[in-house]
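Comments concern the structure below.
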Amino acid sequence: MQTVDFLISARWVIPIEPAGVALEAHSVAVHQGRIVAIAPTAEALGRFAPGQHIERPSHVLLPGFVNAHTHAGMTLLRGAAEAATLDRWLSEEVRPLEQRWMDPEYVRDGTALAIADMLTSGTTCFADMHLFAEISAQAAAEAGMRAAIGVPVLDAPTIWADSAGECLEKGLKLHDEYRDDPLVTAVLAPHAPEALSDETLMRVRRAADELEMPMTMHVNETAEQACADVPADPARRTIARLERLGMLSPLLVAVHAVHVDAADLERLARGGVHVVHCPQSNLKLGNGVCPVPQLRAQGINVALGTDGAASNNDLDMLAELRTAALLARGLFPQATVSAHEWLEVATLNGARALGLSESIGSIAPGKWADLCCIDLDRPQTQPVYDPAVQIVYSASRDQVSDVWVAGRALVTDGTPTRIDLTGLMERARRWGARIAGRGTSGSA
């Protein structure tokens, strides 16, 4: 018998690859952080000698969710900025609050709170975009969570960097620091086309091409942003500008893509660009809905993200998944996306967008054991005809029982194993009191 670190035996296993499959009474063998095999449980028990046998008789085991876009540090602003439009939310609420409070301690504690939120709802990997990216990377590494840390690039000076050139210098340094890290990677995060000059965008593109680093960028979140270049000239819409600058490539992850016309879709597809759908944030800020079925019809890889907790207001990928599926059904009834396909959007498609699909996103031998277990033995998820349908349309975050990242149990029985929740919650409460004006200034 082959010795492995542990064996997970579940009522169902949804491997994502092959697509549309729910394997009954199967087990996943894990050794040294990686998946060794998927097999019927009876076969696995005769084939492997596990150091630990984890039995989940009413659960579905699937890859952990990949949150392909968030702003983890902003979690401390959850509920503090509630304007109904993006412009007011940014200019009147978020920016003044960040100018007042943002520093490395704010980013550290906000990211730690975000990680706890994400892990306990089944997310094993997140793509971040926030100033003080090195602090976000440290927080992810300390928690043992997988992260693609976006290094923000802006022309305007910030508390973190005086120029786009300094942003890129810090990005290259972070890339080098985590080059061989098994969990944390660095990606470039040019903030948005309207915030960057042609020269800066081309510098970002050259750096990304040279290092094969993904680029994640807000694109066409609002109707105004879709034609920010020359509104009167359709040929000079934002996505047309990005194409002229050579930005449209498989390295680009376009976040939002709410306002896209037929020509935009053709350009995105031609470039092999990935798109991240953030439905709850787009709805809350009144920006509209990304036409996911239309993107998929063009062969565009669509991933799922929560955006930040300041505009969502949580980082729950299960809730995001249900919202995305219901919106697609309601707005595009002729273009059916199945529950299994939505699970792929929330897992493997996110890994594809971040350049991580060879390592995570599906349950396959050789990949990292980034996994989550969801208990379907609840009134709201019984009876079960297809576990994928229950996950997408019925399950909630309190049913996530276990989460593993690279084979390490980070959530067991619904409770984080490596996070001091008592201390974290106390820091969050202190930050809340201070931001609300009930506490003293300075770091928490």
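Read-outs throughout are calculated quantities, based only on the coordinates presented, and are distinct from any laboratory measurement. If you're wondering where the values come from, they're calculated on a predicted model, not measured in any experiment. Glycine gets a Cβ as well: all are built from the backbone with ideal geometry, and neighbour counts include every protein chain shown.
Points worth noting:
- Straight-distance candidates among the lysines for linking to LYS284, with alpha-carbon spacing under 26 Å and chain neighbours fewer than 8 residues away dropped, are absent.
- Cross-link reach is defined here as a Cα-Cα straight distance under 18 Å, omitting same-chain residues fewer than 8 places apart; for LYS367 the aspartates and glutamates meeting it are ASP5, GLU17, ASP180, ASP181, GLU344, GLU358.
- Cβ-Cβ distance of GLN382 and ALA25, R₀ of 25 Å, FRET efficiency by 1/(1 + (r/R0)^6): the value works out to about 0.90.
- In a reduced charge model with +1 at each Lys and Arg Cβ and -1 at each Asp and Glu Cβ, the chain shows a dipole moment near 440 debye about its Cα centre.
- Extension gain (nm, one decimal) between ASP198 and ARG408, 0.36 nm per residue minus Cα-Cα: 71.2 nm
- Relative contact order (%) - criterion: Cα under 8 Å, at least six apart; region: segment 65-353: 21 percent
- Helix-derived mean residue ellipticity, 222 nm - over the chain, DSSP H n ≥ 4, -39500 (n - 2.57), to 500: -10000 deg cm²/dmol
- A simple rule links phi to the HN-Hα coupling: the Karplus curve 6.51 cos²θ - 1.76 cosθ + 1.60 with θ = phi - 60°, which for segment 39-53 gives 8, x, 4, 4, 5, 5, 5, x, 9, 10, 10, x, x, 9, 10 Hz, with x for Gly and Pro.
- Amide H partners (placed H, <5 Å) of ALA303, local residues excluded: VAL275, VAL276, HIS277
- Anisotropy class of segment 313-357 from Cα gyration tensor, a/c 1.5 cut: oblate
- Span-like helix check, the chain: qualifying full DSSP H segments, with Cα axial length of 18 Å or more and mean Kyte-Doolittle of 0.0 or more, are 104-119, 317-331.
- Local electrostatic count, VAL400, Cβ distance below 11 Å [Lys/Arg +1, Asp/Glu -1]: -4
- Modelled spin-label separation between ARG418 and GLU82, with each label point placed 7 Å from Cα along the Cα-to-Cβ direction: 3.6 nm.
- From the coordinates shown, semi-axes √(5λ) of the Cα gyration tensor in Å corresponds to which of [x] 34, 25, 21; [y] 34, 29, 23; [z] 42, 23, 22: [x]
- For segment 386-398, 3J(HN,Hα) per residue [Karplus equation, 6.51 cos²θ - 1.76 cosθ + 1.60, θ = phi - 60°, Hz, x = Gly/Pro]: 9, x, 5, 5, 5, 5, 6, 10, 10, 6, 10, 4, 5
- With distances taken between every two different alpha-carbon atoms, segment 1-130 has a Kirkwood hydrodynamic radius of 17.7 Å.
- Distance between the pseudo-spin-label points of GLU92 and ALA436 (7 Å out from Cα toward the beta carbon): 2.2 nm.
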